[in-house]
1. SER62 is checked against (1) assigned to a helix (DSSP H, G or I); (2) modelled with pLDDT of 95 or more and fails just one. What number does that condition carry?
2. Restricting the search to the stretch 28-56, which residues are surrounded by 15 or more Cβ atoms within 10 Å (Cβ to Cβ), among the small types (Gly, Ala, Ser), more than 16 Å from ASP13 (Cβ to Cβ) and within 11 Å of the chain's Cα centre (by Cα)?
3. Every residue in the stretch 13-54 that is of a type in the set (S, T, N, Q) and assigned to a helix (DSSP H, G or I), please.
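The values are calculated or read from the model by the stated rules, or taken from the named source; none is laboratory data. Keep in mind the model is a prediction, meaning the values are calculated, not measured. Positions of Cβ are backbone-derived with ideal geometry, glycine not excepted, and every protein chain shown enters the neighbour counts.
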Amino acid sequence: MTQDWRDQLDSDDPKVRAQAVKAIALSGNQDYLKYLVEIAENDPDSQLRDFAKKAAQHLYSSQSQPEPEPISQPFSEP
């Protein structure tokens, strides 16, 4: 999959590049954030730049949120 989206990032078609952005965001791999930042800052298509910014935020936030603590006791009424 990695090579597929990397090839898609070089496409002349913004729809193809958008598919790559989506694949990166859904990968869960923060090592790929650099690609989203590059697109967000430099892509010629303004809609794709916005999409890449949102995708980067999604990827970053999905990794930075801690897992919730398990509930050890049921809630009781006051």
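1. Result: SER62 fails condition (2) only.
2. Answer for the stretch 28-56, where residues must be surrounded by 15 or more Cβ atoms within 10 Å (Cβ to Cβ), among the small types (Gly, Ala, Ser), more than 16 Å from ASP13 (Cβ to Cβ) and within 11 Å of the chain's Cα centre (by Cα): ALA55, ALA56.
3. Restricting attention to the stretch 13-54, the residues satisfying the condition of being of a type in the set (S, T, N, Q) are 19, 27, 29-30, 42, 46-47.
Answer for the stretch 13-54, where residues must be of a type in the set (S, T, N, Q) and assigned to a helix (DSSP H, G or I): GLN19, SER27, GLN30, ASN42, SER46, GLN47.
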